[in-house]
Amino acid sequence: MTAVWVTIALLCLGTIAIKAAGPLLMGEHEPRGRWLAVIALLSPALLSSLIVYQTFSGHPDGLVVDARVAGAATAVAGALTRLPMFAVMVLAAGVTAALRALA
Amino acid sequence: MRAALPLILPVLVFGISFGVVAQPIIGGLAASAMSATIIAGASQIAAVTVLDSGGGAAAAVVAGLLMNARFFPMALAVAPALRGSRLRQLVEVQAAVDASFVLADQGDGTFSRGMLVGSWLPQTAAWVGGTVIGVLLGEVIPDPQELGLDVVLPAFFITLLVRDVRASGTRRTFEVIGLAIAITLALTPVAPAGMPVVAAAAAALLGLRR
């Protein structure tokens, strides 16, 4: 059990430190010009990567194609047809759950 | 705060899933304490998975930190939006997590400090509350995967991405998305958990090109 609490303490401190490095390294610097374009592109880069990662990553690792892919595809279709966010999430979970029940 | 409403549901569902999954492995108290102090779902799952498979604390911490390494470029990006004393900035930058980062993004390389912190508070409450619900109801809730709950968070990110592209998408945005997806797919089979997402953040460097 000690390992669990050591993990929690160190992971907490480490995560705080990773984020604290932002203001500490930036100081009073204001990003300018093309760096602003890079920062503006961080959201789409991180979001598309997280979506692909959460849809295809195996447990604990590797690349896996399973029912999540159908759920994510449903979510893409729902978002593109401007369904409300809530409906998109419920539909995606429903499709994934239905496929798993059939399998 | 109002703008944070849509993220309550996915974060709550994710929190419940984490509580259900983590409770038998590390115990309900530790699972709840983990959510209250680390407040980063993917890294918590990574660390718990390592502990479950017999890895030690060191391996679990490394897995969790790799998963959270993406917060480094995010914290750099939001730093100019933070005001006040250095200590206050170090506290406020802790709000730089996936959903609040995207919601605070103003599309021009600057961030709204109010949106960052304002959306982080309810998100954190939902995450910790969801974990406790999952721990308490773990016995009666079926396997979260059976309900398809593991796609609720990616579905939420998909709606955020589509909204982001509609608001400020250019040809360059699509190039970045394509590159980020390619990097993630290429690295996921070979890189340690979390690293593919950090590497994919580098796709934003396409913004340096004219």
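None of the figures in this text is laboratory data; all of them are computed from the coordinates on show. Note that the coordinates shown come from a computational prediction; the quantities given were computed from them, not determined experimentally. So basically every Cβ, Gly included, is an ideal-geometry build from the backbone, and we count neighbours across all protein chains shown.
For segment A:24-40, 3J(HN,Hα) computed residue by residue from phi via the Karplus equation (6.51, -1.76, 1.60; θ = phi - 60°) reads 5, 7, 6, x, 9, 5, 10, x, 9, x, 6, 5, 5, 5, 4, 5, 5 Hz, glycine and proline entered as x.
One decimal place: the segment B:PHE174-B:ALA59 gains 37.8 nm when fully extended, by the rule 0.36 nm per residue minus the C-alpha distance.
When only the Cβ of Lys, Arg, Asp and Glu is charged (+1, +1, -1, -1), the dipole of chain A relative to its Cα centre reaches about 200 debye. Whole Å is fine, so just give me how far the alpha carbon centre of segment B:50-105 lies from that of segment B:4-21. Going from one Cα centre to the other spans 18 Å.
Annotation: the residues A:VAL69, B:VAL151, B:VAL13, sorted from fewest to most other C-beta atoms within 10 Å of their own C-beta, follow the order A:VAL69, B:VAL13, B:VAL151. Label-to-label distance, A:ARG82 versus B:ASP108, with points set 7 angstrom from Cα along the beta-carbon direction: 2.6 nm.
Per residue of peptide B:13-24, the mean number of Cβ atoms on other chains within 10 Å of the residue Cβ is 0. The base-10 log of I(q)/I(0) for segment B:1-124, evaluated at q = 0.19 Å⁻¹, reads -1.05 [Debye formula, identical scatterers on Cα atoms, solvent excluded]. Model label sites at A:TRP35 and A:ALA101, defined 7 Å from Cα along the beta-carbon direction, differ in position by 5.3 nm. For segment B:1-95, the set of trypsin sites (Lys or Arg not before Pro) satisfying both a DSSP loop assignment and a count of at most 15 other C-beta atoms within 10 Å is given as B:ARG83. Averaged over the residues of A:67-78, the number of partner chain Cβ atoms lying within 10 Å of the residue Cβ comes to 4. Sorting the segments B:35-42, B:48-55 by their mean number of nearby beta carbons within 10 angstrom, highest to lowest, gives B:35-42, B:48-55.
Sorted fewest first by neighbouring Cβ atoms within 10 angstrom, A:ASP61, B:ASP150 come out as A:ASP61, B:ASP150. Label sites at B:ALA167 and B:LEU5, each approximated as a point 7 angstrom past Cα along Cα to Cβ, lie 1.7 nm apart. Compared with the direct C-alpha span, the chain from B:SER85 to B:ILE25 gains 17.5 nm at full extension, assuming 0.36 nm per residue. Taking θ as phi - 60° and the Karplus parameters 6.51, -1.76 and 1.60, the scalar couplings of segment B:46-52 work out to 4, 5, 5, 4, 5, 4, 5 Hz in sequence order, x denoting glycine and proline.
Ordering A:THR81, B:THR173 by the number of other Cβ atoms within 10 Å of each residue's own Cβ, fewest first, gives A:THR81, B:THR173. Cα-based radius of gyration for chain B, normalised by 2.2 N^0.38 Å, reads 1.04. May I ask for the longest run of chain A untouched by trypsin sites (Lys or Arg not before Pro) that are loop-located per DSSP and have at most 12 neighbouring C-beta atoms (other than their own) within 10 Å? No qualifying site falls inside A:33-81, the longest such stretch.
Projecting the Cα atoms of A:GLY22, A:THR74, A:LEU41 onto the charge dipole of chain A, computed from C-beta unit charges around the Cα centre, puts A:THR74 farthest toward the positive end.
Using a cut-off of under 15 Å, list every residue of segment B:188-210 whose amide N is near the label point 7 Å from the Cα of A:VAL69 along the Cα-to-beta-carbon line. Counting only backbone N, you get B:189.
At q = 0.09, 0.11 Å⁻¹, what is the log10 ratio I(q)/I(0) for the protein assembly as shown, with the Debye formula run over Cα points and no solvent? For the requested q values the scattering log ratios are -0.41, -0.63.
Each residue of segment B:25-32 is assigned a 3J(HN,Hα), and the resulting list reads 8, 10, x, x, 5, 5, 4, 5 Hz, derived from the Karplus form 6.51 cos²θ - 1.76 cosθ + 1.60 (θ = phi - 60°), x at Gly and Pro. Rounded to the nearest 20 debye, the dipole size of the protein assembly as shown about its Cα centre is 1060 debye, using +1 on the Cβ of Lys and Arg and -1 on the Cβ of Asp and Glu.
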